[in-house]
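The values are calculated or read from the model by the stated rules, or taken from the named source; none is laboratory data. As the structure is a prediction and not an experimental result, all values here were calculated from the model. Here the Cβ positions follow ideal geometry from the backbone for every residue, glycine too, while neighbour counts run over all protein chains shown. In case anyone asks, the SASA skips ligands and DNA or RNA and just uses the protein heavy atoms, side chains included. Shrake-Rupley method; radii C 1.70, N 1.55, O 1.52, S 1.80 Å.
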Amino acid sequence: MTAATAWGEDHFIAGDVALDFANTVYRRWPELGTDLYTSTDVLGTWLDRAHLLPASSGASRVITDRDLENARALRRLLWQVFDAQKDGQTIPAGAFAGLLGIASHGSAHVAVSPDGSMTSSNTDGALAILALRAITLVLNPPPQGIRACDRCGWFFIDSSRGRRRRWCSMKICGNQAKAARYRSTHS
Ligand SMILES: [Zn+2]
């Protein structure tokens, strides 16, 4: 049995919620790792933590298997779109159309504030917000671009000084890479 993922700060390191959402697998390279969305409840706690569902909706919040499937489908679209963006390639039209469809499907449940922030009362709306945030990143990319961790393939926006960030987080992949290099030169 797979243990439920306990979300922590290390799962929100990308600099944009759409990228954090794309990073909800153990790793993307060198092969696809375990899905961190181990259950509908775990998806729900991620959406809470990302502030995409109202706080303390608790028992009234129902996340279905269908919602989980939809979330995984959205995540696959984000991989296609952000991989293309990261590699300097044209965004795949089918994946982009998929994002527009998800945004449109849930848009009736999305409230947009004057400052551009969005909230929703249900999962369709939360997925629409994630699609809209991804579309925003595609159409208005950060000046430093979108990158992926050398070691695990998690996406991030490098806002470090000097823009030399190579890892999703120094604590996870940075230290593992250093340890591997140490082993390879000291054995
Ligand atoms: Zn990494």
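Within region 141-154, the presence of a residue that is loosely packed, with under 12 Cβ neighbours inside 10 Å and at positive phi is excluded.
Residue 136 passes every criterion in (1) modelled with pLDDT of 95 or more; (2) surrounded by 15 or more Cβ atoms within 10 Å (Cβ to Cβ) apart from (2). State which residue is farthest from residue 84 (Cα to Cα) when the search covers only region 159-171 and only residues that are within 13 Å of the ligand (Cβ to nearest atom) and not in a helix (DSSP H, G or I). Step by step, filter region 159-171, then rank; the result is 169. Beta carbons closer than 6 Å, at least 6 apart along the sequence or on distinct chains, pair a first residue in region 164-178 that is at pLDDT below 85 with a second that is open to solvent by 80 Å² or more (accessible area, probe 1.4 Å) and near the ligand (Cβ under 8 Å from one of its atoms) for 177/151.
Looking only at region 6-35, count how many residues are among the polar types (S, T, N, Q) and either touching a residue at least 60 places away in the same chain (Cβ under 8 Å) or in contact with a Ser or Thr (Cβ under 6 Å, 6 or more places away or on another chain) (or both). Summing the residues that are among the polar types (S, T, N, Q) and either touching a residue at least 60 places away in the same chain (Cβ under 8 Å) or in contact with a Ser or Thr (Cβ under 6 Å, 6 or more places away or on another chain) (or both) in region 6-35 gives 1.
For residue 174, the test of being assigned to a helix (DSSP H, G or I), within 16 Å of the ligand (Cβ to nearest atom) and over 17 Å from the mean Cα position of the chain (by Cα) is passed. Identify, please: which residue in region 109-121 is open to solvent by 50 Å² or more (accessible area, probe 1.4 Å) and in contact (Cβ under 8 Å) with a residue 40 or more places away in the chain and is, among those, nearest to residue 85 (Cα to Cα)? In this case the residue turns out to be 119.
Residue count for region 27-49, restricted to those that are farther than 22 Å from residue 158 by Cβ and either within 13 Å of the chain's Cα centre (by Cα) or hydrophobic (A, V, I, L, M, F, W, C) (or both): 9.
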